[in-house]
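J.: Sharing a structure here in structure tokens format.
The values are calculated or read from the model by the stated rules, or taken from the named source; none is laboratory data. All of these numbers come straight from a predicted model, not from anything done at the bench. Cβ sites come from the backbone with ideal geometry, for glycine too, and all protein chains shown count toward neighbours.
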Amino acid sequence: MNQKILTFIIMLLLFTGCGEPQVEQKPKQIPENSFIWNEHSAEKLSQNEYDDAMIKYVALKYPKKAKEYKETLPWKDEETGLIWQRKVEDNIYNWSDAKNYCSRLILAGYSNWKLPTIDELKSIRTENSYKNTQSSRGKTYIKKPLLESMFINKYHSFWSDTEKDYSTAWGVLFLNANDYFYTKSRELLVRCVVGRQ
């Protein structure tokens, strides 16, 4: 082989790294003390503790996916035992369609979602507000674990399953934590729930 060609091939191999040993990329190690349970004690956790630990795991292992993962998890209110849809759609529904949406929802292994009663919906409002820059008043009266989902609409009116009469049903406006009745043809936001209060 021509000496110039051989020299050229050797130089090409050196510059492209083909002649160097390849270093295998190791997966990111998760510190052993990052979690609050081991495989034998996971069943002793509350739902909130389990969810928090899973969120920490995803944040360590897949940091870019952590927020998206958190939003997909339902939230269990330990005060009432109700399990709430955490991430709500930026869609509005009339009362009948709101009921149908919840009854057809399959999320996080649950298929028995329903539109909450007015008492259940009122159970997630708060006396004190949290700052919300997207709100028309800059605040929202909802329990903190559900606050992030309230950045989708500045008015925050949600349907309940409870009818006032044949043409109206109750809802909660989390902008001021008051409940109102609305005509059933009106379109409001929806947050589904599992369980009974």
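J.: Mind checking which residues of the range 94-119 are among the aromatic types (F, W, Y) and either surrounded by 16 or more Cβ atoms within 10 Å (Cβ to Cβ) or closer than 19 Å to A169 by Cα (or both)?
T.: To start, the set of residues in the range 94-119 that are among the aromatic types (F, W, Y) comprises 95, 101, 110, 113.
W95, Y101, W113, listed by residue number.
J.: I've got another one for you. Just to be sure, is L188 farther than 30 Å from S46 by Cα and either exposed (fewer than 15 other Cβ atoms within 10 Å of the Cβ) or in contact (Cβ under 8 Å) with a residue 40 or more places away in the chain (or both)?
T.: Numbers: farther than 30 Å from S46 by Cα: yes; either exposed (fewer than 15 other Cβ atoms within 10 Å of the Cβ) or in contact (Cβ under 8 Å) with a residue 40 or more places away in the chain (or both): yes.
It is true that L188 is farther than 30 Å from S46 by Cα and either exposed (fewer than 15 other Cβ atoms within 10 Å of the Cβ) or in contact (Cβ under 8 Å) with a residue 40 or more places away in the chain (or both).
J.: Just a yes or no: is a residue in the range 130-146 free of Cβ contacts under 8 Å to residues at least 60 places away in the same chain and of a type in the set (F, W, Y)?
T.: yes
J.: Related question: For S135, which of the numbered conditions (1) at pLDDT below 90; (2) surrounded by fewer than 17 Cβ atoms within 10 Å (Cβ to Cβ); (3) under 18 Å from Y180 (Cβ atoms) fails to hold?
T.: Only one criterion is unmet by S135, namely (2).
J.: Here's a check for you: in the range 176-185, which residue that is assigned to a loop (DSSP other than H, G, I, E, B) and free of Cβ contacts under 8 Å to residues at least 60 places away in the same chain is farthest from E127 (Cα to Cα)? Step through it out loud before you land on a result.
T.: Keep residues of the range 176-185 that are assigned to a loop (DSSP other than H, G, I, E, B), which gives 176-177, 184-185.
Cutting the leftovers down to free of Cβ contacts under 8 Å to residues at least 60 places away in the same chain gives us 176-177.
Values: N176: 9, A177: 7 Å.
Among those that are assigned to a loop (DSSP other than H, G, I, E, B) and free of Cβ contacts under 8 Å to residues at least 60 places away in the same chain, it is N176.
J.: Here is a further query. Does the range 55-93 hold any residues that are in contact (Cβ under 8 Å) with a residue 24 or more places away in the chain, among the hydroxyl-bearing types (S, T, Y) and exposed (fewer than 15 other Cβ atoms within 10 Å of the Cβ), and which are they?
T.: T72 - this is the single residue of the range 55-93 that is in contact (Cβ under 8 Å) with a residue 24 or more places away in the chain, among the hydroxyl-bearing types (S, T, Y) and exposed (fewer than 15 other Cβ atoms within 10 Å of the Cβ).
J.: Only residues that are among the basic types (K, R) and modelled with pLDDT under 75: list them for the range 47-90, please. Working first, answer last.
T.: Kept after step one, since they are among the basic types (K, R), are these residues of the range 47-90: 56, 61, 64-65, 67, 70, 76, 86-87.
Across the range 47-90, the qualifying residues are K67, K70.
J.: Kindly provide the set of residues from the range 153-175 that are surrounded by 17 or more Cβ atoms within 10 Å (Cβ to Cβ) and part of a loop (DSSP other than H, G, I, E, B), ordered by number.
T.: Hits for the range 153-175 are N153, H156, F174, L175.
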